1. Tell me, what are the semi-axes, in whole angstrom and largest first, of the equivalent ellipsoid of segment 114-239 as set by the roots of 5 times the Cα gyration tensor eigenvalues?
2. Report the relative contact order of the chain, percent, no decimals, based on alpha-carbon pairs under 8 angstrom and at least 6 residues apart.
3. Please state the Cα pair-distance histogram of segment 443-524 with 5 angstrom bins from zero: what percent is in each bin?
4. Calculate, for the chain, the solvent-accessible area per residue in square angstrom, rolling a 1.4 angstrom probe over the heavy atoms of the protein chains.
5. Largest first and in whole Å, give the semi-axes of segment 155-228's equivalent ellipsoid, each being the square root of 5 times a Cα gyration tensor eigenvalue.
6. So what does the Cα-only Debye profile of segment 479-519 read at q = 0.26 Å⁻¹, as log10 I(q)/I(0), no solvent term?
7. Treating cross-link reach as a plain straight distance, find the aspartates and glutamates whose alpha-carbon is under 20 Å from the alpha-carbon of K146, omitting any fewer than eight places away in the same chain.
8. May I ask you to derive the relative contact order of segment 197-271, considering only C-alpha pairs under 8 Å and at least 6 residues apart, and to give it as an integer percent?
Amino acid sequence: MTNPSLRTEVEVLVIGAGAAGLSAALRLAADFKVLVLSKESIRSSSTNRAQGGVAAVTDPHDSVDSHVQDTVTAGVGLCNLPTVEMVVANAGVVVDHLTALGVQFDMENGTPHLAKEGAHSYRRVLHVADATGHAIATKLIARALKHPNIEIRTDRVAIDVITSQGSTSRVQNVLGAYVYNRQSGCVETVRAQSVVLATGGASKVYKYTSNPDGATGDGIAIAYRAGCRVSNMEFNQFHPTCLYHSDARSFLISEAVRGEGGKLVLPNGDSFVQRFDSRGELAPRDVVARAIDFEMKKSGLDCVFLDVTHLSRAQIAERFPQICSRLDSIGIDMSTDFIPIVPAAHYTCGGVVVDHNGATDVNGLYAIGETACTGMHGANRLASNSLLECLVYAKATADHIRGRIKVQETLKEDISDWDESQVTNSDEDVVLTQNWSELRRFMWNYVGIVRTDKRLERAARRIELLKNEVYDYYSNYRVNGDLLELRNLILVADLIVQSARWRKESRGLHFSMDYPQTNVRAIPSIVYPKLDPLDVFHPLPVAAEV
Ligand code: FAD
Ligand code: SIN
């Protein structure tokens, strides 16, 4: 029976309240009623943690062509050139939008102060000290909370989207979503004409990550289950410099610190990255992370160090106030001490396949931000290109939804509420905690920075076991937040491992000791939704040549 108190009807449902979700919601709210969901507090997002800034060409010596070229070079043959051109060319539009919202980027002598980050040919990163994401999130949240057409609900975990069959057997329409309310324990039904997945990335699939706890790849899993293709999942980016300290979990030391001359050193103070790449500390992230991994494994080290002692305390406090004060709180003075660091999972380059409007394979379903695979990042993302992509695609998607809802007939299909008649309360939640940590540990050990066929095969076998166990659990017990996240993480792990096993070469972030060569032809991996469980993998035709 339908329970009206658990039903909501809106024009647009946006799942996720980071840069992508909130900026899409604000653009849509001029015309539509928008419901935004966040699965924890509104501040819990990668956006809120972003440090370095937003890459955008503002220096007259720099050029759009150069930014495009740097992006494509970092992506090692797998960037989609029209996407890169579109995103880079629209940087000015989204920076103006942020400025209009009140974001105040750091200035120097009347022009923006630009940070230098790895593999950028110029200083081109706009920033607000070392807490750019917090500054952007603050303005987006404040504006969204005030907007009469936007309702924000926190502690809501989207479970799955609801779809109907379209006019051909493979085309479906989105009708809404089922949403678990963490406070009441109930599952709510949201009916919507368009649904935007803006749930961020999936780096929580690894034991060590710079991401918040909620980065469990929910949008990728939801889209895949709904019938969307997912691409390039083997390319998970490991940020070279996460703080290694028992009292400070998951804290990033921005690449901008290396941009200001920070050197990576061994415990005895010797620098080493130059031996791996002549660009040294500012080589692309895959190169630097592998160099660190190599040195740590060779010498059995728990961490290596970042040395910024060439900067004075005053310079550090002005340029990196957040990092400086976090390190102070654990007794590390950046101006005199080495900073202990390790690489950690940071960014999901792959995701849901979308077109230039953010549209997925399901009508009315969109994916933006880190959830999507637009072709912007290819096999490795260039620093500070993510916030830019979030904001550009939020606009493109909002524009497309505006056109779609205007021309669309009201959907007539009825949808049923969540059915709990066949399930009971679990008395064995230990299964969830056990499987969570097991999954994240073997993904780190077997599917991390350096891979082999054998390790990937081991991971695949374990994923099969976990899949069966969690599917069984999901079918028999009432859902809760941990179960929903674990279900998604296992699917995402499966997508990563399938894609990594398919790629018989090393390219960008995917490095295999069994296939160290980079093939001449660059082909994206695509996992098709599972129609036949034994035949889920078909590569797209050739995309580009390196
Ligand atoms: P997020 O900001 O992660 O937001 C995801 C939202 O989805 C959250 O509100 C979450 O609650 C919600 N959500 C997730 N699942 C569900 C669900 N099932 N139901 C309901 N809600 C859900 N990029 C740059 O370009 N420049 C930088 O300087 C930079 N620095 C970074 C520093 C750190 C420490 C990290 C972790 C990332 C950094 N990145 C940076 C990457 C960038 O911040 C992210 O890629 C980007 O912010 C992602 O934005 P998003 O809107 O896609 O997702
Ligand atoms: C950083 O500040 O190092 C993060 C930048 C990014 O991930 O783009």
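The values are calculated or read from the model by the stated rules, or taken from the named source; none is laboratory data. Keep in mind it's a predicted model, so treat the numbers as computed, not measured. Reconstructed Cβ throughout: ideal geometry from the backbone, glycine too, with neighbour counts over all protein chains shown. These accessible areas exclude ligands, DNA and RNA; they are computed on the full protein's heavy atoms, side chains included. Shrake-Rupley method; radii C 1.70, N 1.55, O 1.52, S 1.80 Å.
1. Largest first, segment 114-239 gives 31, 22, 16 Å.
2. Result for the chain is 21 percent.
3. P(r) over segment 443-524, rounded to whole percents: 3, 14, 24, 19, 14, 11, 8, 5, 3, 1.
4. Value returned for the chain: 39 Å² of accessible area per residue.
5. 25, 17, 8
6. With one equal scatterer per Cα and no solvent, log10 I(q)/I(0) is -0.81.
7. E11, D31, E40, D155
8. 22 percent
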